[in-house]
Amino acid sequence: MMSKFIVIKKTFAAVSAAVLAAAAVVGSAIVAGVKAGASAGGSLLTVVIDAGHGGIDNGVSGVRTGTPESELNLLVARLLKENFEAAGFNAVMTRTDSRGLYAAADGSFKKTDMKNRKKVMDEAAPDLVVSIHMNKYPLSSRRGAQVFYRKDDQNSQNLARSVQAALNAMPEAVRECSPLAGDYYILNNAPAPAVLVECGFLSSPEDEALLLTDGYRRALAYAVFKGMISYLASTPAYAEICKPAR
Ligand SMILES: [Zn+2]
């Protein structure tokens with residue numbers, strides 16, 4: 001699915017005029033992607049997209065096919081990147097291929113990997129952060145996408161609510177989930193409102209089957225994107241420049 005956004009590469013001061021002009025040109029098109037107070041050449045909003053795991057760390061694996069979580073996370077993260085870039089964002093991935101963020105697969109690889117993800121986030125100075133994962137549970141009947149936010153962080157909680165609402169609205173959603181506080185390194189160290197999305201349970205044959213299809217991954221990525229945009233649109237600092245996706 002293509003995201004229904006257009007890009008306006010102007011400074012914040014020119015936004016209102018640019019939005020009106022763009023609206024006149026494209027009719028009902030939605031506008032996103034201008035950063036308040038940004039300097040020339042760096043005027044876009046930035047999102048960091050983290051594909052969980054990688055390298056020797058596969059994460060969990062599909063109950064029927066054994067497909068590693070790390071692989072599916074990367075596929076969803078790439079689709080998210082496409083959506084954000086189509087909307088005019090600067091989208092930064094923590095990893096762009098199957099490798100983890102460490103040189104040696106030694107006893108401390110996980111620590112190095114996480115530190116390097118933090119480094120990517122810090123260097124990108126993002127407006128938003130999203131980390132993509134797949135879930136696992138002892139009961140194979142457990143299904144659905146679950147969003148986590150950093151405890152005691154109201155902005156991240158609001159972002160999580162918005163993303164969870166978009167996921168709950170998907171036709172494939174099996175239950176009404178509420179976002180949960182989670183103690184995750186990537187959330188605790190994010191320099192911006194951040195969510196971790198568990199896209200579904202690889203311990204469920206039904207969720208696994210869905211997550212193995214490109215169509216479902218696309219719809220899922222679009223829902224996460226849409227939820228994140230809705231959050232920005234409801235945030236005073238961004239409301240003028242970011243309108244909800246339709
Ligand atoms: Zn994971």
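Counting only strands (runs of 3 or more DSSP E) that sit completely within the range 40-154, those holding 2 or more residues that are crowded, with 23+ Cβ neighbours inside 10 Å and touching a residue at least 12 places away in the same chain (Cβ under 8 Å) correspond to 46-51, 128-135, 146-149. Tallying residues that are out of contact with any Ser or Thr (no Cβ under 8 Å at 6 or more places or on another chain) and hydroxyl-bearing (S, T, Y) within the range 193-241 yields 4. Given the condition surrounded by fewer than 24 Cβ atoms within 10 Å (Cβ to Cβ), within 14 Å of L79 (Cβ to Cβ) and of a type in the set (S, T, N, Q), answer yes or no: does some residue in the range 199-219 qualify? Yes - at least one qualifying residue is present in the range 199-219.
Taken together, the residues in the range 209-221 that are out of contact with any helix residue (DSSP H, G or I) (no Cβ under 9 Å at 6 or more places or on another chain), not in a loop (DSSP other than H, G, I, E, B) and not aliphatic (A, V, I, L, M) amount to 1.
Does the range 105-120 contain any residue that is among the aromatic types (F, W, Y), within 16 Å of the ligand (Cβ to nearest atom) and at pLDDT below 95?
For the range 105-120, residues among the aromatic types (F, W, Y), within 16 Å of the ligand (Cβ to nearest atom) and at pLDDT below 95: present.
Select from the range 49-66 the residues that are of a type in the set (A, V, I, L, M, F, W, C) and more than 18 Å from the chain's Cα centre (by Cα) and write down the one among them that is nearest to M121 (Cα to Cα).
Once the filter is applied, the top-ranked residue is I56.
In the set (1) modelled with pLDDT of 95 or more; (2) over 22 Å from S61 (Cβ atoms), the condition left unmet by S204 is number (2).
The values are calculated or read from the model by the stated rules, or taken from the named source; none is laboratory data. Just so it is clear, the structure is predicted and the values come from calculations on it, not from any experiment. FYI the Cβ positions are ideal-geometry reconstructions off the backbone, even for glycines, and counts take in every protein chain you see.
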